[in-house]
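Throughout, read-outs are computed from the coordinates displayed, never taken from laboratory work. A quick note: this is a predicted structure, and the numbers were derived from the prediction, not measured. Neighbour counts are summed over all protein chains in view; Cβ atoms, including those assigned to glycine, are modelled from backbone coordinates with ideal geometry.
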Amino acid sequence: MKLYHSLTSPYVRKVMVLLHETDQLEDVELETVAGTPISPAESLVSKAPLTKVPALERPDGPTLFDSRVICAFLDARASGKLYPEHAGRWDVLTLEALADGILDAALLMTYEYRLRPEDKKWDAWIESQWVKIDRACAVLNQRWMAHLSGPLDMGQVAVGCALGYLDLRHDARGWRKGNDALATWFAEFGERPSMVATRPQG
Ligand SMILES: N[C@@H](CCC(=O)N[C@@H](CS)C(=O)NCC(=O)O)C(=O)O
């Protein structure tokens, strides 16, 4: 299998952490691509029409995207336990969706800062994205700590990757303020070997 990859993509990081945790690193070749919404990666066009990473090319079926589909596929392939079969599955999927929502808002902010021409920037729109992130972090801190502290699952991995991305691109916003329990959890979770090995560079 071939994973279309980027060293700073937090969505790719979710897949990489899962590959570490389920011992499947050897089964996947990495192809690094660089693309943005206004300058898509050429090598992705024929594989993944949305031209986003991660995308997983397989010998025996169509290329998979997005990160949630790829993670569920790879976990099932390894008979992993990161998406439980019992009723707790819906909590895991909701937690992963919450973390991915943080990422979606944070990535929109990054693109706005980096890609949009100066005279077209809209501060209120950027701040509205941060409001979503701020609210989501508060909910994680208030309602999800018991789950985050339980057995490893994909919801936790997604939250770890989302918080890591906030540190990478929006550190000055200070997501830890008022979220002590979440900050303490992340300090420990971020030291898992799978998280250390996939720390974003750049
Ligand atoms: N929902 C997708 C989001 C993937 C995504 O937005 N990836 C970014 C890199 S962090 C990308 O490839 N952006 C290029 C673009 O939007 O054209 C997922 O979970 O995989």
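Remarks
- Counting the residues of the stretch 48-70 that are within 12 Å of the ligand (Cβ to nearest atom) and over 22 Å from Cys161 (Cα atoms) gives 2.
- Looking across Met145, Met154, Met195, one residue alone is surrounded by fewer than 16 Cβ atoms within 10 Å (Cβ to Cβ) and not hydroxyl-bearing (Ser, Thr, Tyr). It is Met145.
- When restricted to residues that are within 12 Å of the ligand (Cβ to nearest atom) and either closer than 19 Å to Ala146 by Cβ or small (Gly, Ala, Ser) (or both), the stretch 79-108 contains 6.
- For the stretch 62-80, taking the residues that are in a loop (DSSP other than H, G, I, E, B) and among the small types (Gly, Ala, Ser), the one that is nearest to Ala97 (Cα to Cα) is identified as Gly80.
- The condition of being out of contact with any strand residue (DSSP E or B) (no Cβ under 7 Å at 6 or more places or on another chain) and either surrounded by 12 or more Cβ atoms within 10 Å (Cβ to Cβ) or over 30 Å from Thr32 (Cβ atoms) (or both) holds for only one of Ala138, Ala187, Ala172, that being Ala138.
- Set side by side, the residues Leu19, Leu30 differ, and just one is touching a residue at least 40 places away in the same chain (Cβ under 8 Å) and closer than 26 Å to Val196 by Cα, which is Leu19.
- Residue selected from the stretch 15-44 under the condition assigned to a helix (DSSP H, G or I), closer than 15 Å to Ala76 by Cα and of a type in the set (D, E, K, R), by the criterion farthest from the ligand (Cβ to nearest atom): Asp27
- Within the stretch 1-14, if we keep just the residues that are within 15 Å of the ligand (Cβ to nearest atom) and more than 17 Å from Pro193 (Cα to Cα), the residue that is nearest to the chain's Cα centre (by Cα) turns out to be Tyr11.
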